[in-house]
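Below: one structure, written as structure tokens.
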Amino acid sequence: MEPGNDTGDGNTSCDVRIRRVYEEPSADDGLRVLVDRLWPRGRSKQSAHVDVWIKDIAPSKELRTWFGHIPERFDEFASRYREELDANPEAVCHLRELIDGHPRVTLLYGAKDNERNNAVVLRKYLLDTQVSRQAASVRKSA
């Protein structure tokens, strides 16, 4: 299911996008949420246009260090990061509350690799778990 589509239960999910924090902000970014543990080098708070910074949603220092942005480690990184997210319901809930309150949210990250980074994993995690939660809700009401 793509973000922003009708879920079939009367609710419309938020459009969750990702963007590198070093890119120029777009007028249609919606709420801009930094999802890295460290503030991006060389970016001032003003120039980054970050609305919310959720450090606790980012991968642990140990996992980030192990991954080291080595492409061959990405699948294992994604699996371990999803486990960390499962074990961190407070941060996930905080992000979900922000998402539920806005029609569009852009997750910001600092990594150079646009395809293999924590925001990519986080966005997929949010969408996957949203579908799972909705399916469970449908089963309960049936």
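The values are calculated or read from the model by the stated rules, or taken from the named source; none is laboratory data. Remember, it's a predicted structure, so these values are computed and weren't measured experimentally. Here Cβ is always computed from backbone atoms with ideal geometry, including for glycine, and neighbour counts include all displayed protein chains.
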Margin query: I'm trying to understand the selection: among the residues of region 85-99, which are over 13 Å from the mean Cα position of the chain (by Cα) and either surrounded by 17 or more Cβ atoms within 10 Å (Cβ to Cβ) or assigned to a helix (DSSP H, G or I) (or both)?
Written below: Asp86, Pro89, Glu90
Check: What pairs can you find where one residue is in region 27-52 and more than 17 Å from Arg96 (Cα to Cα), the other is of a type in the set (A, V, I, L, M, F, W, C) and assigned to a helix (DSSP H, G or I), and their Cβ atoms are less than 8 Å apart, with a gap of 6+ or different chains?
Finding: Pro40/Ala48
Margin query: Tally up the residues in region 17-28 that are out of contact with any Asp or Glu (no Cβ under 8 Å at 6 or more places or on another chain), modelled with pLDDT of 95 or more and among the aliphatic types (A, V, I, L, M), please.
Written below: 1
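A quick yes/no check of all residues on (1) surrounded by fewer than 12 Cβ atoms within 10 Å (Cβ to Cβ); (2) at pLDDT 95 or above:
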site: Leu107; (1), (2): no, yes
site: Lys112; (1), (2): yes, yes
site: Asn117; (1), (2): no, yes
site: Ser141; (1), (2): yes, no
